[in-house]
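J.: Sharing a structure, written as structure tokens. Questions coming.
FYI, it's all coordinate maths here, none of it is from the lab. Fair warning: this is a prediction, and the values are worked out from it, not measured in the lab. Cβ: placed from backbone, ideal geometry, glycine included. Neighbour counts: every protein chain shown.
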Amino acid sequence: MKSFIGELVDFVYPPVCFVCRTPLDCSSQWGLCCTCLHHITYIETPFCMQCGKPYAHDEQFAHLCGECLTGRKHYRRARAIGYYRGVLREALHLFKYQLKQCLAVPLGALMTGRLSALSQDWLYQLIMPVPLHPRRLRARGFNQAVSLASSVSKHLKIPLDRTNLRRIRWTHSQVGLTERERADNVKHAFLLRTPEAVERKAILLIDDMYTSGSTVNECSKVLINAGARHVDVLTLARVS
């Protein structure tokens, strides 16, 4: 139940959808109106069993995509909530580049709420965000993956470790790079402060977007080499 102060604030400044600015029903927990939620292009089956890449046509049985068959993935599976387009793209831009950090709560709730549609087995001992390099963190002012991971952690009631996994090497933007160049760009870029903290743990790794998967794969490699039982990846959006 909302406090009196919270109800008074909503009365004076009625909540509006972050994307289209339509007034929200006071019962809304998403921060996005029903119309915007309806226009998110959610990722549905069928998709690759491992990386979550959607298939263009209905598949007769679950299987790995060509990339997962030919290239090693260190994570057990990766899933994204929706395609990076339309409402989801606009919401991510507001969150990431216009510093609308309050969007972390509704976007984190959206990630948590869609988990059961992606898989039935989401049991973890630890949630970890993909880290930013300190230089990029200073320039941006916050790490969007940390904000999303914090929201997901609260919804799932799973401990969050936001400092153990570190980005120790500056990497250039992945935009415009080939898949091979992306993998080379993030190679040896991550390190654990206390490797023993992830031993035998099932870990959920959180990031905002999945493009080629190179970054989350390199993070997963570090975690698995430190003795993690397995690593699953959850992102808000997927580029393709």
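J.: All but one of (1) touching a strand residue (DSSP E or B) at 6+ places or on another chain (Cβ under 8 Å); (2) in contact (Cβ under 8 Å) with a residue 60 or more places away in the chain; (3) more than 20 Å from Ile158 (Cα to Cα); (4) in a helix (DSSP H, G or I) hold for Val222, so report the exception by its number.
T.: Against the list (1) touching a strand residue (DSSP E or B) at 6+ places or on another chain (Cβ under 8 Å); (2) in contact (Cβ under 8 Å) with a residue 60 or more places away in the chain; (3) more than 20 Å from Ile158 (Cα to Cα); (4) in a helix (DSSP H, G or I), Val222 comes up short only on (2).
J.: Report, by residue number, each residue of segment 151-172 that is touching a helix residue (DSSP H, G or I) at 6+ places or on another chain (Cβ under 7 Å) and among the polar types (S, T, N, Q).
T.: Ser151, Asn164, Thr171, listed by residue number.
J.: Please verify whether Arg166 is more than 16 Å from Thr235 (Cβ to Cβ) and in contact (Cβ under 8 Å) with a residue 24 or more places away in the chain, treating the condition exactly as stated.
T.: The answer is yes for Arg166.
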